[in-house]
1. What about Asp75, is it open to solvent by 10 Å² or more (accessible area, probe 1.4 Å), among the charged types (D, E, K, R) and closer than 19 Å to Tyr148 by Cβ?
2. Return the residues of segment 13-58 that are assigned to a loop (DSSP other than H, G, I, E, B) and farther than 22 Å from Ala77 by Cα; say none if nothing qualifies.
3. What are the residues in segment 1-11 that are open to solvent by less than 20 Å² (accessible area, probe 1.4 Å) and either more than 7 Å from the ligand (Cβ to nearest atom) or within 19 Å of Glu186 (Cβ to Cβ) (or both), if any?
4. Got a sec? Which of Gln179, Gln122 is over 16 Å from Pro9 (Cα atoms), of a type outside the set (A, V, I, L, M, F, W, C), open to solvent by 90 Å² or more (accessible area, probe 1.4 Å) and part of a helix (DSSP H, G or I)?
5. Anything in segment 125-137 that is surrounded by fewer than 12 Cβ atoms within 10 Å (Cβ to Cβ) and either in contact (Cβ under 8 Å) with a residue 24 or more places away in the chain or part of a helix (DSSP H, G or I) (or both)? List them, or say none.
6. Report every pair of residues separated by at least 6 positions or lying on different chains whose Cβ atoms are under 9 Å apart, first residue within segment 34-61 and more than 8 Å from the ligand (Cβ to nearest atom), second assigned to a loop (DSSP other than H, G, I, E, B) and open to solvent by 60 Å² or more (accessible area, probe 1.4 Å).
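The values are calculated or read from the model by the stated rules, or taken from the named source; none is laboratory data. Keep in mind the model is a prediction, meaning the values are calculated, not measured. Cβ atoms come from the backbone with ideal geometry, glycine included; neighbour counts cover every protein chain shown. Ligands, DNA and RNA are excluded from the accessible area calculation, which covers all protein heavy atoms including side chains. Shrake-Rupley method; radii C 1.70, N 1.55, O 1.52, S 1.80 Å.
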Amino acid sequence: MRLIIMGPPGAGKGTQATFIAQEFGIPAISTGDIFRANVSAGTPLGVEAKRYMDAGEYVPDSVTNSMVRNRIAEDDAKGGFLLDGYPRTVAQVAELDSMLADAGLELDGAVVLTVDSEAIVQRLLKRATIENRADDTEDVIRRRQEVYGEQTAPLIDTYRERGALVEVDGMGEVDEVTQRVFAAIEGLKG
Ligand code: B4P
């Protein structure tokens, strides 16, 4: 299966992506995780990405697109993949379309986690006490929500119009959300 998972910052994309990957035997590819690994390793990509991430802004499309193109060409993604946090802009949708077309592949669907925006500010502030992420301060969280609303939320309509979108309630216990996500993906397969 080739899937994407979308939703506002802190919706639980990364949390659910891990379970989806296990259940369906596909790698979960998180652009946020790849950026954070590069930041930790101090690579040139990490130095570039950190400037944007710490401010709650998106890393430029040119950087993000080539990173994803390389990643999905790796062997473990040949039989399918779940993209977590990509695409996030109109230009990234166009680039993903072209990557898939070049390989003669299609997306099976897009899973969108819907959440209450105030509740996720609290989730992310809680994560801040555990993971100490530089972008989990209240000001940066609110900026990330704004950027999401401006640049990413409109993409939901794009995938809805293509008839490949499933919306899943992301509120409640993690395992309840996981069961809803699995049911939604089974629906896509059918
Ligand atoms: P991401 O790493 O994608 O971060 P996120 O949106 O904050 O997290 P996610 O929704 O995965 O939440 P999580 O499961 O961790 O992006 C970070 C940054 O990277 C972006 O702001 C941007 O700068 C850059 N970036 C990434 N992709 C990009 C792209 N394509 N283009 C440009 N820039 C890009 O869950 C959050 C917390 O909630 C966790 O603590 C979790 O334990 C908790 N939680 C999850 N589910 C819960 C539930 N049901 N109940 C209670 N808590 C829950």
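1. Details: open to solvent by 10 Å² or more (accessible area, probe 1.4 Å): yes; among the charged types (D, E, K, R): yes; closer than 19 Å to Tyr148 by Cβ: no.
So Asp75 does not fit the description; no.
2. Going through segment 13-58, the residues assigned to a loop (DSSP other than H, G, I, E, B) turn out to be 25-27, 42-43, 54-58.
Passing the criteria: Gly42, Thr43, Asp54, Ala55, Gly56, Glu57, Tyr58.
3. Within segment 1-11, Leu3, Ile4, Ile5, Met6 meet the criteria.
4. Working: Gln122 fails: over 16 Å from Pro9 (Cα atoms).
Among Gln179, Gln122, only Gln179 is over 16 Å from Pro9 (Cα atoms), of a type outside the set (A, V, I, L, M, F, W, C), open to solvent by 90 Å² or more (accessible area, probe 1.4 Å) and part of a helix (DSSP H, G or I).
5. Narrowing segment 125-137 to residues surrounded by fewer than 12 Cβ atoms within 10 Å (Cβ to Cβ): 129-132.
Listed by number, the residues that qualify are Thr129, Ile130, Glu131.
6. Pairs found: Arg51/Glu57.
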